[in-house]
Amino acid sequence: MTEIPASDPARALIRRVVASLESLAGVERIWRRGVVHGGGPHYRLPGTTGPVSIGEDECLLLGKLIARFRPASCFIIGNGFGLSSTFIAKMMEAHGGLSVITLDSMQEGDGQRCFETAERLRIRMDCRILHSKEGISPRDIDKTVESASYDLILIDGDHSHPQATNDFRGIQHLLHKESVLCWHDYWLAGVSESVAEAQRVGYRCVKVNSSCEMALGTRDDAVFRELGLLFDKAETPIPRSHPLARFMLSRSFLWGAIKAHLPGRPSSHHY
C-alpha cells in the first residue's frame, strides 16, 4: 500500500477519532502490526471479543479514496462502534461530502453498547453528515437509505457466506456506473465470494494488501484505471489461504473472551 506522509490530514484525523473513542469508552488496541499483511493497528471495546475495527492503515486507504473521488454520498453496511464511519464522514465533510448512512444489525458482541458508543463518538466529533441506523441487511436497506444512489458503498457487516454476497446483491440498485464499492476483509472466504459475484456480473475489481485486505470495485473503466493507479501494488483479487492470520484471529478472540470473565484485568494488552 502507498505510504502516506505523517503530516497528511487523514493521519491526524484517525488519531483524533481514536483519542475520542479512548476518552468516551476506552479502546483496546490489537493486531498492531496487521493481520494478513503489515498494517493496523485495529481496535475493539474493552471486555469484548468484537466487533473489531478496520485497521488504521485501512482508514488511510479510504482517506486516499475519498480525497481522490470526493464522494457526495456513502452507505455503510456494518458500523460496530463507529470508528470507520466517523473517519469516513469527517473525511467526506472535508472534501464536500453531504451524507453518510450506516446500517448495523447490533447482533455482534454487545450491540447496544457499540451503537451507543458510535452515537457518542458521532456527537463528540461533530459528524453533521453521519446518520447511524439499526436494521438487518439486505432486508432493511430500502427503508434505511436516504438517496436513490450512492457514490461510495462499504460492505463490512457479517463476513460469512452467503451473507456478504446477499449484502452485495442488496445494494445493486443503489450503485450508479461510477460508484465505488469497497469490501473489508477480502481474505475471508465469504467476502472473497462476494467479490467474485461482483466480477461475474460485470464489476472490475482490485485488491489492496492492507492489514485485512480490501477489495474495490466499479463498473466504470475510467474509475477502475484510477483505482489501479491510486494504490501501489493493487492486484487482481485471488482468494488465498492465510492460516497464520486465522490463528491470530482465534487467539485474539480467545484472549478477549478470557479477559471478559476476569474482572479488574487491565485492557491494554497488545497483540
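The values are calculated or read from the model by the stated rules, or taken from the named source; none is laboratory data. Nothing here was measured: the structure is a model prediction, and the numbers come from that model. Heads up, the Cβs are rebuilt from the backbone with ideal geometry, glycines too, and the neighbour counts pull from every protein chain shown.
Structure data summary
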| item | result |
| --- | --- |
| Residues located in region 176-194, provided they are in contact with a Cys (Cβ under 7 Å, 6 or more places away or on another chain), of a type in the set (A, V, I, L, M, F, W, C) and within 13 Å of I155 (Cα to Cα) | none |
| Qualifying positions in region 132-152 - among the charged types (D, E, K, R) and loosely packed, with under 15 Cβ neighbours inside 10 Å | R139, D142, K143, E146 |
| Odd one out for E93 among (1) within 16 Å of the chain's Cα centre (by Cα); (2) over 22 Å from G228 (Cβ atoms) | (1) |
| Tally of residues being polar (S, T, N, Q) and modelled with pLDDT of 95 or more across region 44-84 | 4 |
| Residue list for region 214-223, filter: farther than 10 Å from S179 by Cα and in contact with a Ser or Thr (Cβ under 9 Å, 6 or more places away or on another chain) | A215 |
| Qualifying residue in region 161-183 (condition: in a helix (DSSP H, G or I), among the aromatic types (F, W, Y) and surrounded by 22 or more Cβ atoms within 10 Å (Cβ to Cβ)) | yes |
| Hits in region 162-176 (condition: closer than 21 Å to A222 by Cβ and in contact with a Ser or Thr (Cβ under 8 Å, 6 or more places away or on another chain)) | L174, L175, H176 |
| Checklist (1) within 21 Å of F168 (Cβ to Cβ); (2) at pLDDT 95 or above; (3) assigned to a loop (DSSP other than H, G, I, E, B); (4) not aliphatic (A, V, I, L, M) applied to E108, failing item | (2) |
| Among (1) touching a Leu at 6+ places or on another chain (Cβ under 9 Å); (2) in a helix (DSSP H, G or I); (3) of a type outside the set (D, E, K, R) - the single one F115 does not satisfy | (1) |
| Single condition A89 does not satisfy, out of (1) crowded, with 24+ Cβ neighbours inside 10 Å; (2) part of a strand (DSSP E or B) | (2) |
| Selection from region 15-39 of residues that are more than 15 Å from G80 (Cβ to Cβ), in a helix (DSSP H, G or I) and within 17 Å of the chain's Cα centre (by Cα) | R15 |
| Matching option when the condition is under 24 Å from L227 (Cα atoms) and touching a strand residue (DSSP E or B) at 6+ places or on another chain (Cβ under 6 Å), among I77, I66 | I77 |
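Matching residues to (1) at pLDDT below 95; (2) small (G, A, S); (3) under 20 Å from G109 (Cα atoms); (4) not in a helix (DSSP H, G or I):
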position	(1), (2), (3), (4)
W187	no, no, no, yes
A215	no, yes, no, yes
A222	no, yes, no, no
R225	no, no, no, no
I238	no, no, no, yes
R251	yes, no, yes, no
S268	yes, yes, yes, yes
Y271	yes, no, yes, yes
